[in-house]
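Inspection log for the structure reproduced underneath, given as C-alpha coordinates.
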Amino acid sequence: MTSNSVREDTIKAVLGKVFRLYVQSQCYHWNVEGPNFRSLHAMFETQYQTLSGFNDAVAERLRVLGIKAPESLDELLALSNTAQDTTARTADEMLATHCAGFQSFNDALRDAIQVLADVRDDGTVAVMSNILEWSEKEHWMMSASRQAG
Ligand SMILES: [Fe+2]
(Lines give C-alpha, C1' and ligand atoms only; values in the text may rest on other atoms or scores of the structure.)
Protein backbone atom coordinates (compact mmCIF):
# COMPACT_ATOMS: atom_id res chain seq x y z
CA MET A 1 0.00 0.00 0.00
CA THR A 2 1.19 3.51 -0.73
CA SER A 3 1.52 6.11 2.03
CA ASN A 4 -1.44 7.92 0.55
CA SER A 5 -3.77 4.95 0.69
CA VAL A 6 -2.60 4.19 4.24
CA ARG A 7 -3.47 7.77 5.18
CA GLU A 8 -6.83 7.67 3.43
CA ASP A 9 -7.93 4.34 4.91
CA THR A 10 -6.72 5.22 8.41
CA ILE A 11 -8.25 8.70 8.53
CA LYS A 12 -11.56 7.57 7.03
CA ALA A 13 -11.80 4.72 9.56
CA VAL A 14 -11.31 7.22 12.39
CA LEU A 15 -13.86 9.60 10.83
CA GLY A 16 -16.41 6.78 10.81
CA LYS A 17 -15.80 6.14 14.50
CA VAL A 18 -16.02 9.83 15.42
CA PHE A 19 -19.26 10.13 13.44
CA ARG A 20 -20.71 7.08 15.14
CA LEU A 21 -19.94 8.36 18.66
CA TYR A 22 -21.28 11.77 17.67
CA VAL A 23 -24.64 10.32 16.58
CA GLN A 24 -24.77 8.05 19.63
CA SER A 25 -24.13 10.98 21.99
CA GLN A 26 -26.85 13.03 20.31
CA CYS A 27 -29.36 10.16 20.60
CA TYR A 28 -28.54 9.64 24.27
CA HIS A 29 -28.92 13.38 24.84
CA TRP A 30 -32.46 13.14 23.47
CA ASN A 31 -33.56 9.97 25.22
CA VAL A 32 -31.87 9.82 28.62
CA GLU A 33 -34.20 9.73 31.62
CA GLY A 34 -33.92 9.26 35.37
CA PRO A 35 -32.72 10.99 38.53
CA ASN A 36 -29.47 12.12 36.86
CA PHE A 37 -31.26 13.44 33.80
CA ARG A 38 -29.97 16.98 33.93
CA SER A 39 -26.29 16.16 34.30
CA LEU A 40 -26.37 13.30 31.76
CA HIS A 41 -28.41 15.34 29.26
CA ALA A 42 -25.79 18.11 29.57
CA MET A 43 -22.85 15.68 29.38
CA PHE A 44 -24.16 14.03 26.22
CA GLU A 45 -24.73 17.49 24.73
CA THR A 46 -21.13 18.56 25.36
CA GLN A 47 -19.98 15.27 23.87
CA TYR A 48 -21.97 15.53 20.64
CA GLN A 49 -20.96 19.16 20.19
CA THR A 50 -17.29 18.34 20.71
CA LEU A 51 -17.48 15.28 18.46
CA SER A 52 -19.17 17.38 15.77
CA GLY A 53 -16.09 19.61 15.79
CA PHE A 54 -13.89 16.52 15.54
CA ASN A 55 -15.89 15.24 12.54
CA ASP A 56 -14.95 18.48 10.85
CA ALA A 57 -11.29 18.43 11.92
CA VAL A 58 -10.75 14.84 10.78
CA ALA A 59 -12.59 15.25 7.46
CA GLU A 60 -10.60 18.39 6.74
CA ARG A 61 -7.35 16.48 7.23
CA LEU A 62 -8.47 14.41 4.23
CA ARG A 63 -8.88 17.59 2.17
CA VAL A 64 -5.54 18.97 3.34
CA LEU A 65 -3.97 15.77 2.02
CA GLY A 66 -5.77 16.09 -1.32
CA ILE A 67 -8.27 13.30 -0.59
CA LYS A 68 -12.04 13.65 -1.05
CA ALA A 69 -14.03 13.71 2.19
CA PRO A 70 -17.23 11.63 2.32
CA GLU A 71 -19.90 13.14 0.08
CA SER A 72 -23.04 11.54 1.49
CA LEU A 73 -24.66 10.03 4.54
CA ASP A 74 -24.37 6.62 2.86
CA GLU A 75 -20.63 7.04 2.63
CA LEU A 76 -20.36 8.09 6.27
CA LEU A 77 -22.53 5.19 7.37
CA ALA A 78 -20.38 2.76 5.40
CA LEU A 79 -17.41 3.97 7.46
CA SER A 80 -19.29 3.83 10.74
CA ASN A 81 -19.84 0.12 11.36
CA THR A 82 -23.49 0.36 12.31
CA ALA A 83 -23.42 -3.38 13.08
CA GLN A 84 -21.89 -2.38 16.42
CA ASP A 85 -24.97 -0.36 17.35
CA THR A 86 -26.63 -1.48 20.55
CA THR A 87 -29.84 -0.29 22.05
CA ALA A 88 -29.43 1.33 25.46
CA ARG A 89 -32.66 2.32 27.16
CA THR A 90 -31.76 3.20 30.74
CA ALA A 91 -29.26 5.84 31.83
CA ASP A 92 -27.05 3.09 33.27
CA GLU A 93 -27.11 1.18 29.98
CA MET A 94 -26.26 4.36 28.09
CA LEU A 95 -23.29 5.08 30.35
CA ALA A 96 -22.06 1.48 30.15
CA THR A 97 -22.40 1.38 26.36
CA HIS A 98 -20.76 4.76 25.98
CA CYS A 99 -17.87 3.80 28.29
CA ALA A 100 -17.21 0.72 26.17
CA GLY A 101 -17.58 2.75 22.98
CA PHE A 102 -15.09 5.37 24.13
CA GLN A 103 -12.70 2.65 25.27
CA SER A 104 -12.63 1.00 21.86
CA PHE A 105 -12.49 4.43 20.19
CA ASN A 106 -9.40 5.27 22.26
CA ASP A 107 -7.75 1.98 21.29
CA ALA A 108 -8.51 2.65 17.61
CA LEU A 109 -7.14 6.18 17.87
CA ARG A 110 -3.88 4.95 19.40
CA ASP A 111 -3.52 2.42 16.57
CA ALA A 112 -4.27 5.09 13.94
CA ILE A 113 -1.77 7.51 15.48
CA GLN A 114 0.91 4.83 15.33
CA VAL A 115 0.16 4.06 11.68
CA LEU A 116 0.12 7.75 10.70
CA ALA A 117 3.33 8.48 12.60
CA ASP A 118 5.02 5.74 10.57
CA VAL A 119 4.11 7.52 7.30
CA ARG A 120 5.09 10.91 8.80
CA ASP A 121 1.61 12.38 8.68
CA ASP A 122 2.48 14.59 11.64
CA GLY A 123 -0.42 17.00 11.11
CA THR A 124 -3.05 14.28 11.40
CA VAL A 125 -1.20 12.75 14.34
CA ALA A 126 -1.56 16.12 16.11
CA VAL A 127 -5.29 16.31 15.37
CA MET A 128 -5.88 12.75 16.52
CA SER A 129 -3.74 13.14 19.64
CA ASN A 130 -5.90 16.09 20.61
CA ILE A 131 -9.02 13.97 20.14
CA LEU A 132 -7.48 11.11 22.14
CA GLU A 133 -6.63 13.39 25.05
CA TRP A 134 -10.24 14.57 25.22
CA SER A 135 -11.69 11.12 24.72
CA GLU A 136 -9.53 9.47 27.40
CA LYS A 137 -10.71 12.10 29.87
CA GLU A 138 -14.36 11.56 28.91
CA HIS A 139 -13.87 7.84 29.41
CA TRP A 140 -12.37 8.42 32.86
CA MET A 141 -15.22 10.72 33.91
CA MET A 142 -17.92 8.34 32.71
CA SER A 143 -16.17 5.41 34.41
CA ALA A 144 -15.89 7.39 37.65
CA SER A 145 -19.58 8.23 37.58
CA ARG A 146 -20.40 4.51 37.34
CA GLN A 147 -18.47 3.62 40.53
CA ALA A 148 -20.50 2.94 43.66
CA GLY A 149 -18.37 5.51 45.52
FE1 LIG B 1 -30.72 19.59 23.12
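The values are calculated or read from the model by the stated rules, or taken from the named source; none is laboratory data. These figures come from a predicted structure and were not determined experimentally. Methodologically, a virtual Cβ is constructed for each residue, glycine included, from the backbone with ideal geometry; neighbour enumeration extends over all protein chains shown.
For the stretch 111-123, which residues satisfy the criterion of being surrounded by 14 or more Cβ atoms within 10 Å (Cβ to Cβ) and either part of a helix (DSSP H, G or I) or in contact with an Asp or Glu (Cβ under 9 Å, 6 or more places away or on another chain) (or both)? First the steps, then the outcome.
If we filter the stretch 111-123 for residues that are surrounded by 14 or more Cβ atoms within 10 Å (Cβ to Cβ), which is where we start, we get 112-113, 115-117, 119, 121.
112, 113, 115, 116, 117 - these are the residues of the stretch 111-123 that are surrounded by 14 or more Cβ atoms within 10 Å (Cβ to Cβ) and either part of a helix (DSSP H, G or I) or in contact with an Asp or Glu (Cβ under 9 Å, 6 or more places away or on another chain) (or both).
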Sort through 126, 148, 78 and tell me the only one that's surrounded by fewer than 19 Cβ atoms within 10 Å (Cβ to Cβ), over 27 Å from residue 30 (Cα atoms) and out of contact with any Phe, Trp or Tyr (no Cβ under 6 Å at 6 or more places or on another chain). 126
Could you tell me which numbered condition residue 98 fails, if it satisfies all but one of (1) without any contact (Cβ under 8 Å) to a residue 60 or more places away in the chain; (2) under 15 Å from the mean Cα position of the chain (by Cα)? (1)
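If the requirement is being of a type outside the set (Gly, Ala, Ser) and in contact with a Ser or Thr (Cβ under 7 Å, 6 or more places away or on another chain), which of these qualifies: 54, 37, 44? Show your work before the answer.
Details: 54 fails: in contact with a Ser or Thr (Cβ under 7 Å, 6 or more places away or on another chain); 37 fails: in contact with a Ser or Thr (Cβ under 7 Å, 6 or more places away or on another chain).
Of 54, 37, 44, the one residue that is of a type outside the set (Gly, Ala, Ser) and in contact with a Ser or Thr (Cβ under 7 Å, 6 or more places away or on another chain) is 44.
Among the listed residues 8, 33, 60, 45, which satisfies the condition of being assigned to a loop (DSSP other than H, G, I, E, B) and either closer than 20 Å to residue 131 by Cα or among the acidic types (Asp, Glu) (or both)? Even if it seems obvious, please write down each step before you answer.
Values: 8 fails: assigned to a loop (DSSP other than H, G, I, E, B); 60 fails: assigned to a loop (DSSP other than H, G, I, E, B); 45 fails: assigned to a loop (DSSP other than H, G, I, E, B).
Going through 8, 33, 60, 45 in turn, the sole match is 33.
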Which numbered condition residue 48 misses (of (1) away from the ligand (no atom under 16 Å from the Cβ); (2) closer than 13 Å to residue 21 by Cβ): (1)
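Here are some residues: 8, 45. Which one is out of contact with any Pro (no Cβ under 9 Å at 6 or more places or on another chain) and more than 25 Å from residue 90 (Cα to Cα)? Don't jump to the end; show me each part of the working.
Values: 45 fails: more than 25 Å from residue 90 (Cα to Cα).
Testing whether each residue is out of contact with any Pro (no Cβ under 9 Å at 6 or more places or on another chain) and more than 25 Å from residue 90 (Cα to Cα) leaves just 8.
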Report whether or not residue 69 is assigned to a helix (DSSP H, G or I), surrounded by 15 or more Cβ atoms within 10 Å (Cβ to Cβ) and out of contact with any Phe, Trp or Tyr (no Cβ under 9 Å at 6 or more places or on another chain). no
Going through the stretch 72-96 one residue at a time, which ones are on the phi < 0 side of the Ramachandran plot and not in a helix (DSSP H, G or I)? 72, 80, 85, 86, 87, 88, 89, 90
Applying the selection to the stretch 1-24, what residues are under 17 Å from residue 64 (Cβ atoms), of a type outside the set (Asp, Glu) and in contact (Cβ under 8 Å) with a residue 40 or more places away in the chain? 3, 4, 6, 7, 10, 11, 12, 14, 15, 18
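Of all residues being more than 20 Å from residue 137 (Cα to Cα) and within 16 Å of the ligand (Cβ to nearest atom) in the stretch 9-35, which is surrounded by the most Cβ atoms within 10 Å (Cβ to Cβ)? Just the residue, please. First the steps, then the outcome.
Within the stretch 9-35, the subset more than 20 Å from residue 137 (Cα to Cα) is 9-13, 16, 27, 30-35.
Then drop every residue that is not within 16 Å of the ligand (Cβ to nearest atom), which leaves 27, 30-33.
On the way: 27: 15, 30: 10, 31: 13, 32: 21, 33: 12.
Restricting to residues being more than 20 Å from residue 137 (Cα to Cα) and within 16 Å of the ligand (Cβ to nearest atom), the top hit is 32.
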What are the pairs, 6+ residues apart or on separate chains, where a residue within the stretch 61-79 that is over 17 Å from residue 18 (Cα atoms) has its Cβ under 9 Å from a residue that is of a type in the set (Lys, Arg) and modelled with pLDDT of 95 or more? 65/7; 67/7; 67/12; 67/61
